[in-house]
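The values are calculated or read from the model by the stated rules, or taken from the named source; none is laboratory data. This one's a predicted model, so the numbers in the text were calculated from it and none came from an experiment. All Cβ positions, glycine included, derive from the backbone under ideal geometry; neighbour counts span all protein chains shown.
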């Protein structure tokens, strides 16, 4: 197996809260992550793709294509945005690192398959100390 | 000259905007940093102190004291907060990296002088690509 | 599969040696790592947990709980300590990165299982150039 | 399963091009990576080995042996070299990150097996944003 | 004093050699950096600007303007290029890190002054272990 | 002014304590850094040299010479050692980061001057959060 990984970055605001809970309940469960006026992060996103090497190009996938699709479908939607308020594919969802990683998977998996490769992992780092890796719904 | 530096981190939301401008004017000047629903960063803060070495301890300043005062006066005020809305010492100010660095200086310079050392530099990193260094009002 | 990883750090002294060998034998096998007066490292520890997302919170596991248990059971035991002399769960063991990683697994695996998740990997970095990943006794 | 990873680095020139294509064709497919006068990178190489712990030493493999064999067989061949022109084991091959990772695997897998361990992964980083992981021909 | 720093990156090939020396002489002085078929690096460039804060914007300089001018005048000229062969402002010069940093200064200092700020430092990292800082011809 | 910096690393054990104090006194002042069985760090050392560029070579100083002298005089003395017990130039001294940085300056300043350059700064990082910069006895 061979995988290729591309790192992209986005800076966003978010908070962890449930609208069906009081602010007090949210703070009991989510602590300072429930701050009602938001907080934010420099997120680092690592998209890992697996596939066969094209013997003509030596590529698993064209990195420029991969970077372009990530810019267009993920980074433009998330960068300098409020994850809870501004992002169509996160509307009504908890914006935990776990959930954001899963929703990013859904947005890009088909495009990558259309290039003859497979999305292998979405890794999303919220800080240098915390990150999530999602390997898809079938593993 | 000998300096000692302590790194601390905080995660916060902010935006760049002037209340006396329209949203359109703000976006023309501040671009995506003016997103009305905020965005955010993992800020890295480097506090550099200069002074003489205490011959008894080999210290310029007690790092534990420095870390504690930074936690109490800076990190608790900024971490998991909205810089524009939640921070008393930033009220009514532009929350650019430059201004936040200067305001952090004001909050801690006297405490450090009270320990027999001098604040030398406040370095504030907004992302891995952008940072500010402030050397105080007298340099 | 979805995993969540938490990084913690500890600074410790250790050496590689067998008490049943002479200092000369130890140095032949372990080189400078057998220095009789110890040496030390800034260890970085990455604890990776896997599990299902809780639909209420969007969490695999509560990161604050994870960080607290790691502080209490691992970091307090290892930080600013001598791994060979000061740590009950390493007594009489080789303090290679491999062995320390395995012993950390044993200390925390059950607590994590008690939270409805599973410990997936203990990654221990001794330097920026050397690290170990342990995936448990059943893989 | 337990793995041990060693990081090494090399600085090299390369370009992506096919001799059977015109410069224009190469630039259409490989973009700026086809620059006819070469470009270069600080490559980071992570070699991951898996195996049983030797109960005498607490080692999966002797890291000094691993670092020495990597220096002798890989780093001396690639560091401060032109990957396309100077490296016997890359002659006539596309010097994409994918292909270089695979060829490094071939050069070292047997030596590692000779030590009673198994090569698990060759990770090759071309930049902080792009890397490849190769898990061998049988996975 | 307040400074603002922007990081940019470029990947380039180069070698250290004098045309008026034999290859043997070049290798005696420059070692493996004189490899006749070139080698290369991922260079990191940190441009530090100093100035007064604009009270309207809270900026020392518009970072987007700074990044754009660096892209246009520096990165486009150097990225995925051969420093010795492809770069007009390095023609006929030694391409040591020192010299490249000085030549980058010359290319951008006036533009920055045209914005009412001053170029303070050009820092150029060749590897994680080696870097140069140039503070201009008048210091 | 132009400076060149070289990074080197060493892994060492140490503790902070005064022999003329009781263990209790040492722990009151130095906290966990006074652990009687030592602790340790991966130290990062940045040696910054300033000087004129040699017009023949484009060098401020020969980096290979600099790295070799650092290996011979500093790294061999400190790496995989106990700073308090094993290092002749630290005997009887507090092994705080401040003091170690100053003692490293004394060991190498004359050699660098002998090459026609000047030692400008010794930066010593104890952890990712704490470091010292020493600019010499005359500044």
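Laid out as a table, the results:
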| item | result |
| --- | --- |
| Count - residues of the range E:82-94 that are within 11 Å of residue E:12 (Cα to Cα) and within 12 Å of chain F (Cβ to nearest Cβ) | 2 |
| Only one of F:20, F:79 that is within 14 Å of chain C (Cβ to nearest Cβ) and at pLDDT 95 or above | F:79 |
| Unmet criterion (only one of (1) free of Cβ contacts under 8 Å to residues at least 60 places away in the same chain; (2) within 13 Å of the chain's Cα centre (by Cα); (3) buried (at least 17 other Cβ atoms within 10 Å of the Cβ); (4) away from chain E (no Cβ under 14 Å)) for residue D:46 | (1) |
| Residue match in the range E:77-99 (condition: within 30 Å of residue B:34 (Cα to Cα) and touching a helix residue (DSSP H, G or I) at 6+ places or on another chain (Cβ under 8 Å)) | no |
| Selection within the range E:52-71 - under 21 Å from the mean Cα position of the chain (by Cα) and closer than 14 Å to residue E:115 by Cβ | E:61, E:62, E:63, E:64, E:65, E:66, E:67, E:68, E:69, E:70 |
| Number of the condition not met by residue D:90 [criteria: (1) surrounded by fewer than 18 Cβ atoms within 10 Å (Cβ to Cβ); (2) without any contact (Cβ under 8 Å) to a residue 24 or more places away in the chain] | (1) |
| Unique match (being closer than 21 Å to residue D:127 by Cβ and touching a residue at least 60 places away in the same chain (Cβ under 8 Å)) among A:121, A:95 | A:121 |
| So residue F:89, is it part of a helix (DSSP H, G or I), modelled with pLDDT of 95 or more and more than 30 Å from residue B:45 (Cβ to Cβ) | yes |
| Failed item, numbered, when residue A:137 is tested on (1) more than 16 Å from the chain's Cα centre (by Cα); (2) more than 8 Å from every other protein chain (Cβ to nearest Cβ); (3) loosely packed, with under 15 Cβ neighbours inside 10 Å; (4) under 27 Å from residue C:123 (Cα atoms) | (1) |
| Those residues of the range E:112-128 which are outside any strand (DSSP E or B) and either surrounded by fewer than 16 Cβ atoms within 10 Å (Cβ to Cβ) or touching a helix residue (DSSP H, G or I) at 6+ places or on another chain (Cβ under 8 Å) (or both), in sequence order | E:112, E:113, E:114, E:115, E:116, E:128 |
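Residue-by-condition table, conditions (1) surrounded by fewer than 16 Cβ atoms within 10 Å (Cβ to Cβ); (2) part of a helix (DSSP H, G or I); (3) facing another protein chain (nearest Cβ under 7 Å):
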| site | (1), (2), (3) |
| --- | --- |
| F:6 | no, no, yes |
| F:12 | no, no, yes |
| F:30 | no, yes, no |
| F:36 | yes, no, no |
| F:61 | no, no, no |
| F:67 | no, yes, no |
| F:74 | no, yes, no |
| F:99 | no, yes, yes |
